[in-house]
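To keep things clear, I will list the structure first and then write my remarks on it.
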Amino acid sequence: MEGKVGKVAVPAGERMFMVTGAELKGSTVTKDLAVPPTDPKTLSDGYRYKKPGDADKSDASKWEVSTYVWTPGAMTVFQGDKVTLRIFIINGDKHTTWIEGPDGKEAVKEQTQNRGREYVMSFTASQAGAYMLHCNEHDPTMHSTITVIPRS
């Protein structure tokens with residue numbers, strides 16, 4: 001496979017994905033859009049809401065929402081493939097990351113991953129079904145599905 005920055009060799013039966021851990025943010029001011037009727041304490045861990053006055057101390061009308069995600073959010077491989085994820089963390093100081101197999105068991109052991117660094121997680125997709133890339137700190141929004149299709 002050849003890209004703009006050079007050649008990357010991925011032998012048959014091996015799949016490599018470049019995965020990014022990122023925070024998506026959006027903000028506006030109350031004159032453009034009223035704040036949502038949300039108590040930040042009731043949101044799931046993967047979502048964040050900063051009310052007016054908290055989002056920007058210099059602008060009491062600004063509010064912000066954000067969430068953490070893996071991108072891509074979905075990947076597909078064949079049963080028996082060796083799967084390698086090269087993960088780069090853009091946002092968030094700490095991500096406790098692991099991969100769950102279709103049987104609900106840990107397929108790749110938990111790692112602590114930090115901003116500005118690249119990590120490698122590999123496994124053999126021995127079972128057909130869905131493997132899940134998880135981040136404990138930002139669940140339920142920071143997960144990605146690796147779908148394994150039977151080879152036959």
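Return the single residue from 29, 120, 65 with maximal mean-square fluctuation; model: Gaussian network over the chain, springs between Cα atoms under 10 Å. Maximum among the listed residues: 29. By DSSP, the beta bridges lying fully in the chain are antiparallel in about 75 percent of cases. With both labels modelled 7 Å from their Cα along Cα-to-Cβ, the residue 103 to residue 137 distance reads 3.1 nm.
How would segment 23-67 be classified by its alpha-carbon gyration tensor: rounded, prolate or oblate, with rounded meaning a/c under 1.5 and the a/b versus b/c comparison settling the rest?
Because a/c hits 1.5 or more and a/b exceeds b/c, segment 23-67 counts as prolate.
Any idea what the relative contact order of the chain is, in percent, if you count C-alpha pairs under 8 Å spaced at least 6 apart?
Details: 348 pairs, mean separation 39.4, N = 152.
26 percent.
Between amide H atoms placed 1.01 Å from N, distances below 5 Å from residue 87 occur with 19, 119, 120, 121, all of them 5 or more places distant or on a separate chain.
By other beta-carbon atoms within 10 Å, ranking 89, 146 with the fewest at the front produces 89, 146.
In the chain, a dipole from Cβ-located charges (positive for Lys and Arg, negative for Asp and Glu) runs towards its positive end, and of 47, 104, 146 it is 146 whose Cα lies farthest in that direction.
Only the coordinates and a few stated rules stand behind these numbers; no lab work does. None of these values were measured; they are calculated from a predicted model. A quick note on method: Cβ atoms are made from the backbone with ideal geometry, for glycine too, and the neighbour counts reach across all protein chains shown.
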